[in-house]
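Here's the structure we're looking at; comments come further down.
The values are calculated or read from the model by the stated rules, or taken from the named source; none is laboratory data. Here the structure is a predicted model, which is why all the values come from computation and not from measurement. Glycine gets a Cβ as well: all are built from the backbone with ideal geometry, and neighbour counts include every protein chain shown. Just the protein is used for accessible areas: all its heavy atoms, side chains included, with ligands, DNA and RNA removed. Shrake-Rupley method; radii C 1.70, N 1.55, O 1.52, S 1.80 Å.
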Amino acid sequence: TGELADETWDIARHRRTAALTGLSSSHLAVRPDGGLLAGDNRTASLPDGKVTGRDLVQGDEIGAVAFAPDGSRLAAGDRTGRVALWDAGVRQREGTLPNVFPTLPKEVTGGPDDAPDPDPSSDDTSEAVSALAISPDGRTLAVGGEAGSLQLWDIATHQPLGGPLTTPGEAIDTVAFAADSGTVYAGSAHVPLQRYTIDPARAVASVCARPGARELTRAQWRTYVPDVPYRKVCGD
């Protein structure tokens, strides 16, 4: 018919179990228990395939969806840089992060040098969400953007965890946590898989174990960890 249709498959038996023509979604996530499929502002219960409309992120186009590893919640991100958190059944919204990335700078061309700067609030310059992952311990949300940003958020407080992680700058296609929640991985189309140690104790131990490792100077500390008061971390 030419219409977009989503399918469910039995991985063990290598066979299709249903075609969900009413879901019509480009972004999909399966709840770990296999009982619910989330898409672009729609959900489908399985195995009956009943589709229900859901305004996941204030009516805007969806950029990524992801269930927590234990199925306890769903994260949905949109093209304006917002992320909404939902309960396991995707019936009740738990909260919305209004803009998970810093505002992108506007490109200004032409005009005299003394022309006034454009109003930063005059139009939307936020980065679209392109990938999401919730850590296995349920505490951390990783959000990837189409301009290459990668930001961690504390789920309980809905606050960012530090600044954006350093990436090659290409659109983030996928993010995932290690089983212990202490490492996050980010994948893009044309760069190697990036690995980030985010557990503070492990990060410090890794740095201090390097040959010739020395304490950061106060200037270096201000450059790399400006949000944390200076302290010695590698012992004597």
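In the set 138, 163, only one residue is under 23 Å from residue 93 (Cα atoms) and assigned to a loop (DSSP other than H, G, I, E, B); that residue is 138. Quick check: anything in segment 183-201 of a type in the set (Phe, Trp, Tyr), open to solvent by 50 Å² or more (accessible area, probe 1.4 Å) and modelled with pLDDT of 90 or more? Yes, the conditions are met somewhere in segment 183-201.
For segment 74-99, a residue qualifies if it is of a type outside the set (Val, Ile, Thr) and part of a loop (DSSP other than H, G, I, E, B), and the qualifying residues are 79, 81, 82, 88, 89, 91, 92, 98, 99.
Can you spot a residue in segment 43-56 that is in contact with an Asp or Glu (Cβ under 7 Å, 6 or more places away or on another chain) and assigned to a loop (DSSP other than H, G, I, E, B)? No, segment 43-56 contains no residue that is in contact with an Asp or Glu (Cβ under 7 Å, 6 or more places away or on another chain) and assigned to a loop (DSSP other than H, G, I, E, B). Restricting segment 1-42 to residues that are hydroxyl-bearing (Ser, Thr, Tyr) and in a loop (DSSP other than H, G, I, E, B), the residue that is modelled with the lowest pLDDT is 1.
When residue 71 is tested against (1) crowded, with 20+ Cβ neighbours inside 10 Å; (2) outside any strand (DSSP E or B), only condition (1) is not met. So, of the residues in segment 74-95 that are under 18 Å from residue 36 (Cα atoms) and of a type in the set (A, V, I, L, M), which turns out to be surrounded by the fewest Cβ atoms within 10 Å (Cβ to Cβ)? Within segment 74-95, the match that is surrounded by the fewest Cβ atoms within 10 Å (Cβ to Cβ) is 88. Remark: residue 88 falls outside the filter, which requires a residue to be under 12 Å from the mean Cα position of the chain (by Cα) and modelled with pLDDT of 95 or more. The number of residues in segment 128-139 that are open to solvent by less than 20 Å² (accessible area, probe 1.4 Å) and farther than 13 Å from residue 62 by Cα comes to 3. Scanning segment 46-85 for residues that are of a type in the set (Asp, Glu) and either at pLDDT 90 or above or in contact with a His (Cβ under 6 Å, 6 or more places away or on another chain) (or both) yields a total of 4.
Look at segment 62-77: where a residue is among the polar types (S, T, N, Q) and a partner is assigned to a loop (DSSP other than H, G, I, E, B), sitting 6+ places away or on another chain with Cβ atoms under 8 Å, you get 72/88; 72/138.
In segment 164-177, of all residues being open to solvent by less than 50 Å² (accessible area, probe 1.4 Å), out of contact with any Asp or Glu (no Cβ under 7 Å at 6 or more places or on another chain) and touching a residue at least 40 places away in the same chain (Cβ under 8 Å), the one that is farthest from residue 139 (Cα to Cα) corresponds to 172.
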